[in-house]
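Encoded as structure tokens, the structure appears first; notes follow it.
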Amino acid sequence: MALSEQRIIDDVAQILEVDADTISRETALADAGLDSLRMVMLVENWRSEGNEVDFQELISLPTLGQWIDALGAA
């Protein structure tokens, strides 16, 4: 399943236990509470669905918008 922008936002919001409407492309993920364990959970979930996700690349990108761009979301 391809990762859409909304899917990424929804998945990140779910793992952060916040409403998807409270985060945006400008959200600094570390400041929002995303730690490495939660990142691994997201990455592994996306990979299990056949998506190519580079953990090392994502960990270097601070904002949700940068993640969306790196993941090539439509």
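Each value in this text was obtained by applying a stated rule to the coordinates, not by laboratory testing. Note that the structure is a prediction, hence the values are computed from the model and not measured.
Would you calculate, for the chain, the mean residue ellipticity at 222 nm contributed by helices, counting each DSSP H stretch of 4 or more residues as -39,500 (n - 2.57) and dividing by all residues, to the nearest 500?
Computed mean residue ellipticity for the chain: -14500 deg cm²/dmol.
A73 to D10: extension gain in nm, 0.36 nm per residue of separation minus the Cα-Cα distance? Please list the in-between numbers first.
On the way: separation 63, 0.36 × 63 = 22.68 nm, distance 1.29 nm.
Net length gain for the segment: 21.4 nm.
Specify whether the C-alpha gyration tensor of the range 1-40 places it in the rounded, prolate or oblate class, a ≥ b ≥ c being the square roots of the eigenvalues: rounded for a/c under 1.5, otherwise prolate if a/b is larger than b/c and oblate if not. Here the range 1-40 falls in the oblate category. When the alpha carbon gyration tensor of the range 5-70 is reduced to an equivalent ellipsoid, its three semi-axes come out at 16, 13, 12 angstrom, largest first.
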